[in-house]
Each structure stands twice: as structure tokens, then as C-alpha cells.
1. So Asp56 passes all but one of these: (1) modelled with pLDDT under 80; (2) over 30 Å from Asp218 (Cα atoms). Which condition number does it fail?
2. Mind telling me which of the residues Phe185, Phe224, Phe191 ends up being surrounded by 19 or more Cβ atoms within 10 Å (Cβ to Cβ), within 30 Å of Asp97 (Cβ to Cβ) and not aliphatic (A, V, I, L, M)?
3. Cβ contacts < 8 Å: first residue surrounded by fewer than 12 Cβ atoms within 10 Å (Cβ to Cβ), restricted to segment 63-82; second residue of a type in the set (S, T, N, Q) and in a strand (DSSP E or B), any location; separation 6+ or different chain. Result?
4. Return yes or no: is Ser104 open to solvent by 60 Å² or more (accessible area, probe 1.4 Å), hydroxyl-bearing (Ser, Thr, Tyr) and in contact with a Phe, Trp or Tyr (Cβ under 8 Å, 6 or more places away or on another chain)?
5. Got a sec? Which of Ala91, Ala133 is open to solvent by 30 Å² or more (accessible area, probe 1.4 Å), at pLDDT below 95, among the hydrophobic types (A, V, I, L, M, F, W, C) and more than 19 Å from Ala216 (Cα to Cα)?
6. Hey, can you tell me all the residues within segment 170-213 that are touching an Asp or Glu at 6+ places or on another chain (Cβ under 6 Å) and assigned to a strand (DSSP E or B)?
7. Among the candidates Tyr122, Tyr108, Tyr144, which residue alone is touching a residue at least 60 places away in the same chain (Cβ under 8 Å), outside any strand (DSSP E or B) and closer than 16 Å to Arg202 by Cα?
Amino acid sequence: MFNIERWQEIFEAISKNRLRTFLTGVSVASGIFILVILLGAGKGLQNGIEKQFERDAAGLIEVWSGTTTKEYKGLNPGRRIQYRNSDFNQAVQKFEDKLDLRASTQNYWGAPFAYGKESGNYQYRGVDPDYGAVENLTIVQGRYVNAKDLQNNEKVAVIGMKLKTDLFKDKEALGKEISINKINFKVVGIFSDPGGEREETRAYLPLSTVQRTFGAGDKISNLFLL
């Protein structure tokens, strides 16, 4: 119910405390403005993450190593944990009846790539055949890494569209050889990725070839189980 005396009291209090009223109004307006900004930033971050992973396989478990933070049996903290093929094989054997896809990778960043007069530093990954399905890659030309490539330690590469454009411009890339860390690899496939140019600057090579050619032994960087 409208009460004129109450409203008169309110406006009288406001007129007597103009500075306090002004500062209160500024504080409330600032709080609302900051809240809107934070909500917008949060929504933008959510949309960006969803866009980044919108086509990645659902239900995927990715495992990667880090460094220790505590002492253990006389060993100092800060030790790097290194996964190996045996760790991947053990995980697959333990959960094999529950897995549709399984893959391991060995990752390298900032490696020198070259074709003809074009060159640059890009990322390459040694991968298993299932990794293409894990990433939901689209093969635009050619094919992906297969089991035969791993068995024979083939020097083949599947490159992203951005990497293809950087090295080959408008020339045909399929069947040509590119240099990765001064080792020649034959381009057998070209892929696109919904994640955009960052993902499309990668090259995927057979894991066994990477381990053998670049002296990684049986080391792996990540395990993917689905």
C-alpha cells in the first residue's frame, strides 16, 4: 500500500545525506557493472572451451605426467614422472574389455620443418592409429597413420591444413617429402580440425617411428582411453 509519509521520509533522508547517497549509488552501480563483466567473461570462456573440444571424443580419459611435489624413500621432490610403452600396454590390458579406442602419443614442440625454400617451427606428435578418432580429425586428402606404418617404422606424416599452406602455399603436398628435424617424411595425408589453425599446424607421425628416429626410446607423453 502506498504511504506518502514514508516516501517523504526517504527523500528527506536522501537530501540530507547527498554524498553518502551518491557514493552508495556509485558502489551499487560499480558492483552491477563488475558482475556483468565477470558473467560475460565466464560465458565467453565457457563458449571458447566448448568450441575447442566440440568435436573431441566424448567420454575420453587423457592421462599425462608431471613432477612430484613430495619426497619419497629418500628421493627429492621435483622429479619428472615419465610414462613408457609398458604403462600404456598395462592400462590397455587392464581395461581392454571396456575400451573402444586407445592411443598414446609422444609430443614435441618447436621442431624445425622445411619444404623447399619454406620453413618454420611447428609441433609434431608420434601417434597410434586410434588417435585420429580420439581427436575426431577430418582427413581432407590421403589417409591417417595406420598399423602398418607403426609395424614398419614408416617415415610418413599427416599434416594440418595450416601447416600445408605455410610450407606448400597453393602447391600439391600429398606424396611430397618434408624435413622434420632434418629427417625426411613423406606426406600421406592432410587433415582439418575444428579447433582452428593452432591444431592445424601439427604433424602426426607413427609413434614407433618417432621413438626410434628421434631417440625417444619407449617414452610416451600422453595416454588416451575411451
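1. Single failed check for Asp56: (2).
2. It is Phe224.
3. Final answer for the pair search is Pro77/Thr67; Gly78/Thr67; Arg80/Thr67; Ile81/Thr67.
4. no
5. Matching residue, one of Ala91, Ala133: Ala133.
6. Scanning segment 170-213 gives Asn184, Lys186, Pro206.
7. Residue meeting the stated conditions: Tyr144.
The values are calculated or read from the model by the stated rules, or taken from the named source; none is laboratory data. The shown structure was predicted, so the numbers you read here are calculated from the model rather than taken from an experiment. Here the Cβ is made from the backbone with ideal geometry for all residues, glycine too, and neighbour counts use every protein chain on show. Calculation scope for accessible area: heavy atoms of the full protein, side chains included, ligands and nucleic acids excluded. Shrake-Rupley method; radii C 1.70, N 1.55, O 1.52, S 1.80 Å.
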